[in-house]
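Encoded as structure tokens, the structure appears first; notes follow it.
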Amino acid sequence: RVAITAGNRIPIDTDEESVLHPQAREPIVNYTLDAPAKGYAALDPNHTHHFLVDDGTAEKEGIEIEFRGELENLICNMFTKDGVSLPMVCIMIEGGMQSIDQAVSTLRKGNTLVVLKGSGRASDILCYGFEHSIEIEKVVDGETKKIRTLSDQCRKEMIKLIDKDFSKYRAQGIVDKMINAVLEISSFRETVTVFSIYNPEPLDFYILSSLMQSSGNSATRMRQMRLAITWGHARVAKEFIFSRKEYKFSSGELNSLLLFSIIKQRTAFVKLLIDYGADVRAFVTQTHLTRLYNELRSSTGGYRLLQEKRKKKKVPTATLR
């Protein structure tokens with residue numbers, strides 16, 4: 001688990017010669033586990049590695065956001081297949097102004113955001129603005145644009161929420177900054193998912209659902225289906241993929257997904273795919289059976305069944321590989 005944070009907010013002591021010397025193989029960084037002083041934050045012990053971003057400033061906050069975005073996109077694009085990169089989801093739990101800035105950066109890059117409503121502070125402020133903002137048309141530079149705004153009453157309520165947890169930053173103009181950022185986030189209706197801590201559905205259901213919001217080409221919908229199968233959420237596939245009229249799967253795509261479901265042992269998906277048109281007779285080919293034999297785990301019932309069939313027909317193992 002990798003964490004990315006601003007180095008100027010972490011109480012560390014460094015041996016500058018070791019850190020800056022070009023031949024220093026392992027920079028010496030001493031970190032104190034005691035409660036950090038005012039203005040500093042503690043490192044989360046649940047991470048194995050930490051990237052500390054430092055631009056030389058002492059008081060500036062949020063200096064890690066740009067680096068984080070670039071690194072996330074780099075990692076996602078490293079695993080591109082069929083023109084589709086690895087999806088990324090930003091999960092916002094509680095948080096401060098930097099969390100709002102990170103959410104804006106995430107959405108501008110075309111990624112998705114899941115916000116945990118009821119976790120407090122910035123998350124609850126964002127959820128209030130997202131749920132109460134309204135869309136209006138406004139002329140900007142001679143062009144009519146659709147923007148999100150708040151009624152006077154909702155704006156007053158939002159200012160109360162901000163003052164409740166961030167009153168000490170009022171002199172820095174945080175009220176207007178936060179409201180403007182929340183309204184920008186609220187304009188991304190298709191890529192923001194609000195998840196209440198009181199909802200009985202598990203968090204991973206909403207994370208996966210957020211990745212199903214955007215429609216796309218054949219590669220996109222196949223990626224979405226494979227994600228749903230891997231995570232084992234047939235309901236997500238039924239509600240967000242098969243319910244879309246613009247999504248039409250070919251017989252070849254259905255057979256490919258059926259094969260993937262059997263290998264992953266997702267019986268709910270096998271039934272779902274058959275209900276939506278997968279032809280089992282067309283699926284049972286030598287190619288598919290060979291792949292099943294080679295890829296199914298030896299502990300599965302399907303593997304044992306194939307082994308029994310092979311022994312009865314006295315088929316040499318070599319012909320199946």
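Can you tell me the length gained on complete extension of the stretch Ile75 to Gln286, counting 0.36 nm per residue apart and subtracting the Cα distance?
Numbers: separation 211, 0.36 × 211 = 75.96 nm, distance 3.72 nm.
Answer, rounded to one decimal: 72.2 nm.
Per the Kirkwood treatment, what hydrodynamic radius in Å, one decimal, follows for segment 125-254 from the mean inverse distance over all distinct Cα pairs?
About 17.6 Å for segment 125-254.
With a sphere of radius 15 Å drawn around the Cβ of Asp44, what net charge do the other residues whose Cβ falls strictly inside it have (Lys, Arg +1; Asp, Glu -1)?
Local net charge: +1.
How much of the calculated P(r) for segment 56-144 lies past 19 Å, in percent of all Cα pairs?
Every Cα pair in segment 56-144 considered, those over 19 Å come to 55 percent.
Once you treat every alpha carbon in segment 187-261 as an equal point and sum by Debye, what is log10 I(q)/I(0) at q = 0.20, 0.27 Å⁻¹?
Each listed q maps to, in turn, -0.88, -1.40.
FYI, it's all coordinate maths here, none of it is from the lab. Fair warning: this is a prediction, and the values are worked out from it, not measured in the lab. Every residue, glycine as well, gets a Cβ built from its backbone with ideal geometry; the counts of neighbours run over all protein chains shown.
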